[in-house]
Structure formats: C-alpha cells, structure tokens
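The values are calculated or read from the model by the stated rules, or taken from the named source; none is laboratory data. Everything numeric here is computed off the predicted structure, so don't read it as measured data. All Cβ positions, glycine included, derive from the backbone under ideal geometry; neighbour counts span all protein chains shown. Side chains are part of the model used for accessible areas, which takes the heavy atoms of the whole protein and leaves out ligands, DNA and RNA. Shrake-Rupley method; radii C 1.70, N 1.55, O 1.52, S 1.80 Å.
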Amino acid sequence: MGTAPLLRAEGLACRRGDRLLFRRLSFEVRRGEALHLTGANGTGKTTLIRALAGLTTPFAGEVTSEGAIGLLDERPALDPDLPLGRALAFWSRVDGFEGAAQSHAALGLVPLLEVPVRYLSTGQRKRAGLAALIERRVPIWLLDEPLSGLDVSAIAQVTQMIAGHVAGRGIALIASHQVLEIPGLRTLALEDYAPRFEAEEDAQ
C-alpha cells in the first residue's frame, strides 16, 4: 500500500456560535499513523472531530479523506432500547463482520450483552461504542475522549486496540486529556491555533 494521506485538514477554522475556536489549522494523517489531539476544555476538540467526520461544516478551510470514517464519542451508534448484544449485532450484519465474539470478550462486554444500552455506564458505553466501531471495519477512527470513564484495566485494553488498528495500517485521531501509550503517536496542540488579537500577531 502507498503512503498517500488518508485524512487531511487544510486552513481549517471552526467556530461555536459567534466565537472562533481555532483557525489556520492544517495537518495530515497517513496510513498506519495516530495523532493525539490535545487542548483544554472549550478549545474546540469535539468541534474539530465533528467537522472531520462531516457532521458540521467548518467556518473556513477544507477536509479531505480517503476511506470510510468511524466516530466514537459520548453517543455510541447503538439503539438505546435494545439489549447490547442485539444493538451490536446490527453492525455485524450490515458489515458482514465475523469476529464479534472476540471483540466482545476482549472489551469485557460478554456479561453486558443482555443489558439494554440505555442502562450502561459511561465506561461501558465507551467500550460498546469501540466494539461497534471495530465491527464496522472502517480505516479511519475519530475518537473523542475514548478513555474517559474507564478503569485502569479497560484503559489498557482500549489503548491496545487503538494501537492494533494503527499497526494494521489504519489511522486514528484521538482527542484525549490522558496520556496514550501508542507507538509513533504524534501530538497536535489545538491551543496553538487559537485566534489572537492582531496586535499580538504584529508584535511577533
């Protein structure tokens, strides 16, 4: 396989309401790479991920990608009224995935398969959302705080699965306040692209 970028942002700017969150943001992530998006709350990490996923339109700039994109955030793509097993089975049927049992076991979901999705805790929903993402078999993962609400053991499991996806020539962009033990991980600090007063820029 080649090394052409799978995900690229060029001159990106996003805003929330009337507030400009960041501007002049350009980056690319290639096959087999992971990018750690850092920044304090309110800097626009979730807004950026939603723009990369095509769920919102950036204020300026362009997003280009090659391959299907999967998003993991606080709202897993699972029917809240179904038992977890049936909700996950939907994605397995759609995408013809045959390794669901292994991913469920690896993520500690087997005891939860009969529990309705709406009753899962934050950490359980994160693990279920990752299982659904794995079962979709998409090359580009956009992960918004995938480790929040997880205990130490689950953090290690999820981190290992992200690393495995990247090692398998997938790509991952991860917004997280936590340290990520992923080989070759690059970091992008969103604060570096926050708008500044023109007077500050002229002084530089």
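Over the C-alpha trace of segment 94-145, radius of gyration and Dmax come out as 11.2, 30 angstrom. Distance from the Cα centre of segment 134-199 to that of segment 14-64, in angstrom? Computed from Cα coordinates, the inter-centre distance equals 14 Å. Placing a pseudo-label 7 Å from each Cα along the Cα-to-Cβ vector at Glu181 and Ala167 gives an inter-label distance of 1.3 nm. Relative to the current alpha-carbon distance between Ala105 and Ala194, full extension at 0.36 nm per residue lengthens the span by 27.9 nm.
How much of the accessible area of segment 92-178, in percent, comes from carbon and sulfur atoms when a 1.4 Å probe is used? In segment 92-178, the share of accessible area belonging to carbon and sulfur is 54 percent. For the pair Phe59 and Phe27, the difference between a 0.36 nm per residue extended length and the Cα-Cα distance amounts to 9.9 nm. Of all DSSP bridge pairs formed entirely within the chain, close to 45 percent run antiparallel. At q = 0.11 Å⁻¹, work out log10 I(q)/I(0) for segment 27-108 with the Debye formula, treating every Cα as an identical point scatterer and leaving solvent out; two decimals please. Log10 of I(q)/I(0), two decimals: -0.45. Ligands, DNA and RNA aside, Lys45 has an accessible area near 10 Å² when probed at 1.4 Å. Evaluated with a Cβ-only charge set (Lys, Arg +1; Asp, Glu -1), the chain carries a dipole of roughly 380 debye about its Cα centre, given to the nearest 20. Of the peptides 31-40, 63-72, 149-158, the ranking by mean beta-carbon count within 10 Å, highest at the top, reads 31-40, 63-72, 149-158. If R0 is taken as 30 Å, the Cβ-Cβ distance between Asn41 and Arg137 corresponds to a FRET efficiency of 0.40. Global size of the chain: 17.7, 61 Å for Rg and Dmax (C-alpha atoms, Rg to one decimal, Dmax whole).
Extension gain for the segment Leu82 to Glu98, taken as residue separation times 0.36 nm less the Cα-Cα distance, is 3.7 nm to one decimal. For the set Asp73, Asp81, Asp18, Asp192, the ranking by accessible area, highest first and with no ligand, DNA or RNA atoms included, is Asp18, Asp192, Asp81, Asp73 under a 1.4 Å probe. When the Cα positions of Leu142, Leu120, Ala9 are compared along the charge dipole of the chain, Leu120 comes out farthest toward the positive end, with charges on each C-beta of Lys, Arg, Asp and Glu.
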